[in-house]
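One structure is given here, and the rest of the page talks about it.
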């Protein structure tokens, strides 16, 4: 895809409002136009050239970058030969050094190489080939993620550590930033407020300590979500679609800018649940719903009202292709269907059909509400297992859909309080075991500092308890029977003494 010149020109105009320099990563797909257009706005360019595994493509990048450096001497400030080549393993250190030296010999501007800071310490020989050292410091992506409030301190610690390893060398921070959307990583929470905080803290640090930084990135890049999940597409200072700044310096930043719409939607969802409760009341019998039933309905409606808005917000930011849209659609349908079905069953003093009862109709007692509850619970459980196993075994780029699952699970938890049936089916038991083990794994991996992981794990445990409520009831009944037996024995002994 070749980016139109008009689009680049407009983006550079916007960037000129906050910066006098931009960094690029390649010399094709329209990026070759940037140096000429940037000059109109007094913007200097750190021109990158992409180095990968294919020699022919590398050769094209090298030759084009050399020609651009010669043609735009007043605009191109430096050449960055390769980006995280060693991190990806695309070239050996010596091969990379040879490319850097070749480019350096052909141009008059300073030449550098950019990579994650650990790789400069791992391959210090690269420093001898460059004019200055360009490191990437992304506190969110560290092996042990750093919380937003400590991000600036971490950047300074890393910079000083690299400077100590390479004394008397200029250390340039080529990438530093924070995502505004996406999953938490341990204590590192992606949010608009945290993004604003980290950027401002790092800029203040750079000004105070007098070193240069490049904030990643100018605009959100939705295509990155296919590689890095939701968080990959939200590192920009500008929105990808409106091309407007996400926040202004000194202005309040909200993590939920659509809170009013979400609140109104939540009220409508809660009202629909109460409406369903009133609609399914069986007026043919004289027994009115108990206060406990209405309290249960209120708990379901309140939970759905709160979480439905958060669910809608997550769908807005987390969907980007047909697969994620379908997955989000399923979650939304289940999140809305579960409260309605569970409420109807609570008001009718009904039960929830077992998985076997849903799949094998010959064993299912007739009852549309009960069967509907069973179908919804089956789909919720399958979805929960899919999410739980993904987060347990391949979590790096996966989100925590805690709000949607809470909206879908809590209604069945509330329903279980009114269902005294001693049912202990095998399929539900196996599902519960998987959920419990996954919840433990997720919390251990993410730590208790990750409140998103803890919240979702608690939802998994709540669903597991609901699925094996027959076993839990049996245990509670045994405990109660034992307590009653001990009381009777104490009374008998007391009577015999008197």
Binning every alpha carbon pair distance of the range 58-186 at 5 Å from zero, what are the percents per bin?
2, 10, 20, 19, 18, 13, 10, 6, 2, 0
Relative counts (whole %) of C-alpha pair distances in the range 284-354, using bins that are 10 Å wide
17, 38, 26, 14, 4, 0
Let me understand the chain better: what is its radius of gyration from the alpha carbons, and its Dmax, in angstrom?
29.6, 110
Could you list 359, 463 so that the one with the fewest beta carbons within 10 Å of its beta carbon is first and the one with the most is last?
359, 463
For the range 144-298, just the Cα atoms, rotate onto the principal axes and tell me the three extents in Å, largest first.
89, 33, 32
If you bin every alpha carbon distance in the range 5-233 into 10 Å steps from zero, what whole percent lands in each bin?
7, 31, 38, 22, 2
Taking the Cα atoms of the range 121-229, what is the range of coordinates along each of the three principal axes, in descending order and whole Å?
38, 31, 26
Using alpha-carbon coordinates, inclination of helix 426-446 to the longest axis of the chain, degrees:
40 degrees
Packing rank of 175-183, 133-141, 40-48, where each peptide gets the mean count of other beta carbons within 10 Å, highest leading
175-183, 133-141, 40-48
Take every Cα pair under 8 Å in the range 259-467 that's 6+ residues apart, average their separations, divide by the length, and report that relative contact order as a whole percent.
23 percent
How far is helix 151-165 tilted, in degrees, relative to the longest principal axis of the Cα atoms in the chain, given as a value from 0 to 90 rounded to the nearest 10?
40 degrees
What angle do you read, to the nearest 10 degrees and between 0 and 90, between the alpha-carbon axis of helix 402-416 and the longest principal axis of the chain?
10 degrees
For a quick protection proxy, order the peptides 298-311, 57-70, 10-23, 406-419 by their average other-Cβ count within 10 Å, most packed first.
406-419, 298-311, 57-70, 10-23
Based on the Kirkwood radius over alpha-carbon pairs, what value in µm²/s does the Stokes-Einstein equation return for the translational diffusion coefficient of the range 259-467 at 10 °C and 1.306 mPa s?
90 µm²/s
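The numbers here are math on the coordinates, done by the rules we state, and not lab data. Since the structure is predicted, the reported quantities are computational estimates derived from the model, not experimental observations. With ideal geometry, Cβ positions are generated from the backbone for all residues, glycine too; neighbour counts draw on all protein chains shown.
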